[in-house]
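The values are calculated or read from the model by the stated rules, or taken from the named source; none is laboratory data. No experiment lies behind these values; they were computed from the predicted model shown. Heads up, the Cβs are rebuilt from the backbone with ideal geometry, glycines too, and the neighbour counts pull from every protein chain shown. When the accessible area is computed, the model is the full protein with side chains, heavy atoms only, and any ligands, DNA or RNA have been set aside. Shrake-Rupley method; radii C 1.70, N 1.55, O 1.52, S 1.80 Å.
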Amino acid sequence: MNILITGGAGFVCSHLADKLYEKKHNLFLLDNLLTGNKRNIDHLLGNENVRFIEHDVQNHIEISDEIDFIFHFASAASPIAYQENPINTLKAGSIGTINTLGLAKVKKADYLLASTSEIYGDPEVSPQSENYWGNVNPNGERSMYDEAKRFAEAATATYSRTYSLNTKVVRIFNTYGPRMQLNDGRVVTNFIVQALNNENITVYGDGLQTRSFSYVDDTVGGIIALMESDHNDVFNIGNPNEITVNELATRIISLTNSNSKLINKDLPKDDPKQRRPDITKAKNLLKWEPKIELEVGLTKTIDWVNSQL
Ligand SMILES: NC(=O)c1ccc[n+]([C@@H]2O[C@H](COP(=O)([O-])OP(=O)(O)OC[C@H]3O[C@@H](n4cnc5c(N)ncnc54)[C@H](O)[C@@H]3O)[C@@H](O)[C@H]2O)c1
């Protein structure tokens, strides 16, 4: 297939591109390099069936080749990155989604949108299943991301109903692994960098808030399972094993043999207290579930971060 991936030079998409390349698809990797980096896909570029297009999804997208499948993943993704680029984030989720859906309509391509667990906001139920509608602050400090993604889901559903497009939505939960940016404030890389440098580990709040972390190979496995399925629907993809932020810090200190100590800082606004996916739907319909233990994924990520320092 000819496959367009927006956000193609980013963390998750570079791994997605690796897997799709192994499957012999032709790839068009589109990215404005806002938070991504060509280094992530250097090893793929230079192959004749991989093309890089430097472009911002908020602008009209013109591709002369046939396109069979579109992944729309372009968006700043970490709180630091989207708060530093708030207008681009709003536009990537809104105008960028309309532009890529328009392209899917013209090319008669199937479409997969990267949504996020953030559309559940600070959830009142745990774990969150796909039929929970969320608890989002529409004008809070994360709303440029959360609400843009909610709009993106609405746009995808509307184009699907109006133009009979085949569309799929993946709500990705916290994913980690090699090729994450080291300075964008995400908790796993923050803690690993601090532990490797024997610096204090900064825990926001009391550290009793919980998170669940999916290793990138598992997340990408779920995305490809959805792509290859007949289901044109919304799926949570993530790892339901929940741990507290304090526990995560302690495990990273032990895996890195670090002397770091935990220190507490004020919790950022609208930081969710708990996030945990209900993945029953993906298990039943996509026959997918995460396989990689936290220790294994953390060890691979630590090795990679170490190689970057
Ligand atoms: N990593 C996670 O834990 C996670 C969780 C939930 C959702 N997601 C979603 O997955 C997608 C990828 O996230 P990631 O973690 O790989 O982040 P990332 O920042 O590494 O990747 C995003 C990519 O999109 C590009 N981009 C941003 N704005 C763009 C624009 N306007 N036009 C073109 N390209 C643009 C960036 O340069 C980057 O390469 C995002 O849509 C994100 O919302 C990720």
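Got at least one residue in the stretch 129-141 being open to solvent by 20 Å² or more (accessible area, probe 1.4 Å), of a type in the set (A, V, I, L, M), within 16 Å of the ligand (Cβ to nearest atom) and in contact (Cβ under 8 Å) with a residue 12 or more places away in the chain?
There is at least one residue in the stretch 129-141 that is open to solvent by 20 Å² or more (accessible area, probe 1.4 Å), of a type in the set (A, V, I, L, M), within 16 Å of the ligand (Cβ to nearest atom) and in contact (Cβ under 8 Å) with a residue 12 or more places away in the chain.
Kindly state which strands (runs of 3 or more DSSP E) lie completely within the stretch 223-309 and contain at least 3 residues that are open to solvent by less than 40 Å² (accessible area, probe 1.4 Å).
234-237
If I ask for residues that are farther than 18 Å from residue 253 by Cβ, at pLDDT 95 or above and within 12 Å of the ligand (Cβ to nearest atom), which ones from the stretch 182-218 would you list?
214, 215, 216, 218
Out of the residues in the stretch 187-222 that are farther than 18 Å from residue 256 by Cα, of a type in the set (D, E, K, R) and open to solvent by 20 Å² or more (accessible area, probe 1.4 Å), state the one that is farthest from the chain's Cα centre (by Cα).
Taking the candidates together, the pick is 206.
Within the stretch 21-36, how many residues are open to solvent by 30 Å² or more (accessible area, probe 1.4 Å) and more than 7 Å from the ligand (Cβ to nearest atom)?
Of the residues in the stretch 21-36, 5 are open to solvent by 30 Å² or more (accessible area, probe 1.4 Å) and more than 7 Å from the ligand (Cβ to nearest atom).
Quick check on this structure: which one of 80, 98 is among the β-branched types (Val, Ile, Thr), under 20 Å from residue 186 (Cα atoms) and out of contact with any His (no Cβ under 9 Å at 6 or more places or on another chain)?
Details: 98 fails: under 20 Å from residue 186 (Cα atoms).
Exactly one residue qualifies, and that residue is 80.
Yes or no, residue by residue, for (1) at pLDDT below 95; (2) assigned to a helix (DSSP H, G or I); (3) under 17 Å from the mean Cα position of the chain (by Cα); (4) of a type outside the set (Val, Ile, Thr):
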{"residue": "5", "(1), (2), (3), (4)": "no, no, yes, no"}
{"residue": "9", "(1), (2), (3), (4)": "no, no, yes, yes"}
{"residue": "13", "(1), (2), (3), (4)": "no, yes, yes, yes"}
{"residue": "17", "(1), (2), (3), (4)": "no, yes, yes, yes"}
{"residue": "24", "(1), (2), (3), (4)": "no, no, no, yes"}
{"residue": "27", "(1), (2), (3), (4)": "no, no, no, yes"}
{"residue": "30", "(1), (2), (3), (4)": "no, no, yes, yes"}
{"residue": "43", "(1), (2), (3), (4)": "no, no, no, yes"}
{"residue": "46", "(1), (2), (3), (4)": "yes, no, no, yes"}
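Taking the stated definitions as given, is residue 18 within 6 Å of the ligand (Cβ to nearest atom) and open to solvent by 20 Å² or more (accessible area, probe 1.4 Å)?
In short, no.
Using the structure shown, decide if residue 125 is surrounded by fewer than 20 Cβ atoms within 10 Å (Cβ to Cβ), in contact with a Phe, Trp or Tyr (Cβ under 7 Å, 6 or more places away or on another chain) and free of Cβ contacts under 8 Å to residues at least 12 places away in the same chain.
Numbers: surrounded by fewer than 20 Cβ atoms within 10 Å (Cβ to Cβ): yes; in contact with a Phe, Trp or Tyr (Cβ under 7 Å, 6 or more places away or on another chain): yes; free of Cβ contacts under 8 Å to residues at least 12 places away in the same chain: yes.
Yes: the conditions hold for residue 125.
Kindly indicate whether residue 183 is over 16 Å from the mean Cα position of the chain (by Cα) and outside the structural domain of residue 220 (by TED's automatic domain parsing).
So residue 183 passes the test.
Any residue that is within 11 Å of the ligand (Cβ to nearest atom), modelled with pLDDT of 95 or more and either surrounded by fewer than 18 Cβ atoms within 10 Å (Cβ to Cβ) or assigned to a loop (DSSP other than H, G, I, E, B) (or both) - is there at least one of those in the stretch 108-118?
No, the stretch 108-118 contains no residue that is within 11 Å of the ligand (Cβ to nearest atom), modelled with pLDDT of 95 or more and either surrounded by fewer than 18 Cβ atoms within 10 Å (Cβ to Cβ) or assigned to a loop (DSSP other than H, G, I, E, B) (or both).
Go over the candidates 175, 116, 162, 158 one by one and state the one that is closer than 23 Å to residue 84 by Cβ and without any contact (Cβ under 8 Å) to a residue 60 or more places away in the chain.
Of 175, 116, 162, 158, the one residue that is closer than 23 Å to residue 84 by Cβ and without any contact (Cβ under 8 Å) to a residue 60 or more places away in the chain is 116.
For the stretch 51-71, indicate whether the set of residues that are in contact (Cβ under 8 Å) with a residue 60 or more places away in the chain, crowded, with 24+ Cβ neighbours inside 10 Å and near the ligand (Cβ under 10 Å from one of its atoms) is non-empty.
Within the stretch 51-71, one or more residues are in contact (Cβ under 8 Å) with a residue 60 or more places away in the chain, crowded, with 24+ Cβ neighbours inside 10 Å and near the ligand (Cβ under 10 Å from one of its atoms).
For the stretch 163-171, check the following and say yes or no: at least one residue is surrounded by fewer than 21 Cβ atoms within 10 Å (Cβ to Cβ), hydroxyl-bearing (Ser, Thr, Tyr), over 30 Å from residue 309 (Cα atoms) and more than 12 Å from the ligand (Cβ to nearest atom).
yes
Condition check: within 13 Å of the ligand (Cβ to nearest atom), under 23 Å from residue 240 (Cβ atoms) and either crowded, with 19+ Cβ neighbours inside 10 Å or without any contact (Cβ under 8 Å) to a residue 24 or more places away in the chain (or both). Does residue 149 satisfy that?
yes
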